[in-house]
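The values are calculated or read from the model by the stated rules, or taken from the named source; none is laboratory data. If you're wondering where the values come from, they're calculated on a predicted model, not measured in any experiment. When we count neighbours, we look across all protein chains shown, and the Cβ atoms used for this are built from the backbone with ideal geometry, even at glycine.
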């Protein structure tokens, strides 16, 4: 059992944080621990998919133990008859993720805000609320890290890259090592050339230049012959799409040196909140990119955060920082213990504007939320 799991928080402090959330308009909810597995297989990243606790119902439906609260809270909202927007929720309970050490049951507190159109103000409110919650636990001395996927997406749009490469790089955002490897391959590094030669000798090379519908049918037929109906929650059709994407990436893995240089420069940007906008503006000027719109939103958010008593200099912006959950779509943040005793963040959150729509909403629903890792908080309080 890890040191974090040996500690326990004062229940009165947990109750005080929940009262804080409720005072800010967040309704307590307790979504079921058993959730439909296909939702998480479709909407979370590879990291979470590998760590699910899976089971089956008596009707054969695949289920999983709740690995996070955001998706279940959004499903809860959609299931409420006559639910209106904006809406805000809070929760307290365990999530379940397989871990190499310690138990996979992780206690969490958190809050979600759905449907607010004033996105900068909502971002600032949720970040400030998480800071106040940590203050309630006695952890006022901490480090706040922020990132913004919309800035990275705007950089990608300004580059002369095939659509398949833009999509692949955006999918990898937040996984720095894999993203850097893809950028190196795109620039035609020696390792990339070796990988590309290997790919051409294999199955992907046979798909290059093939009619997409015919190639799609070949892959589906091969999977059928092998008796494979699904892999990691993906259908044969989705697996075929993935093969075709890999073939396109293999055939276009050279000649993008300028784009690789630009992306490497962007991802290396780091600055405190007081200087981040200037650093981004200098970068945009150097590489002749139009980032005015996302930069304006970025500065508006910083101003809203400062208006809530959090000095911009307290924030640390990292251009390569993204969350590994696939549904995050914009502003993200983490709060770490200043003493550095915990490897992971005490709080993690961000914006997920597409998630509620993907879960079945009839229109786009802007949304942001955060989760607090109570085992890490307990260990930080005790240290």
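The figures follow:
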quantity: Verdict on residue 305 being at pLDDT 95 or above and under 25 Å from residue 93 (Cα atoms); calculated: no
quantity: Given (1) out of contact with any helix residue (DSSP H, G or I) (no Cβ under 7 Å at 6 or more places or on another chain); (2) under 19 Å from residue 326 (Cβ atoms); (3) at pLDDT below 95, number of the condition residue 73 does not satisfy; calculated: (3)
quantity: Meets criteria (buried (at least 17 other Cβ atoms within 10 Å of the Cβ), within 26 Å of residue 344 (Cα to Cα) and more than 25 Å from the chain's Cα centre (by Cα)) for residue 35; calculated: no
quantity: Test: residue in the range 77-93 that is surrounded by 14 or more Cβ atoms within 10 Å (Cβ to Cβ) and either within 23 Å of residue 340 (Cα to Cα) or not assigned by TED's automatic domain parsing to the domain that holds residue 8 (or both); calculated: no
quantity: Qualifying residue in the range 137-150 (condition: assigned by TED's automatic domain parsing to the domain that holds residue 36, closer than 16 Å to residue 371 by Cβ and assigned to a helix (DSSP H, G or I)); calculated: no
quantity: Strands (runs of 3 or more DSSP E) within the range 29-112 that include 2 or more residues farther than 23 Å from residue 14 by Cα and without any contact (Cβ under 8 Å) to a residue 24 or more places away in the chain; calculated: 54-56
quantity: Scan of the range 132-159 for residues that are within 21 Å of residue 13 (Cβ to Cβ) and out of contact with any helix residue (DSSP H, G or I) (no Cβ under 9 Å at 6 or more places or on another chain), ordered by number; calculated: 135, 141
quantity: Among the candidates 330, 369, 309, 350, residue that is at positive phi and either touching a strand residue (DSSP E or B) at 6+ places or on another chain (Cβ under 9 Å) or crowded, with 23+ Cβ neighbours inside 10 Å (or both); calculated: 350
quantity: Qualifying residue in the range 303-316 (condition: free of Cβ contacts under 8 Å to residues at least 40 places away in the same chain, in contact with a helix residue (DSSP H, G or I) (Cβ under 7 Å, 6 or more places away or on another chain) and in the same structural domain as residue 52 (by TED's automatic domain parsing)); calculated: no
quantity: Residue 278 vs. criteria within 21 Å of residue 333 (Cα to Cα) and exposed (fewer than 14 other Cβ atoms within 10 Å of the Cβ); calculated: yes
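Rundown of residues vs (1) surrounded by fewer than 16 Cβ atoms within 10 Å (Cβ to Cβ); (2) touching a strand residue (DSSP E or B) at 6+ places or on another chain (Cβ under 9 Å); (3) more than 28 Å from residue 136 (Cβ to Cβ); (4) at pLDDT below 90, yes/no style:
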| position | (1), (2), (3), (4) |
| --- | --- |
| 29 | no, yes, no, no |
| 46 | yes, no, yes, yes |
| 54 | yes, yes, yes, no |
| 61 | yes, yes, yes, no |
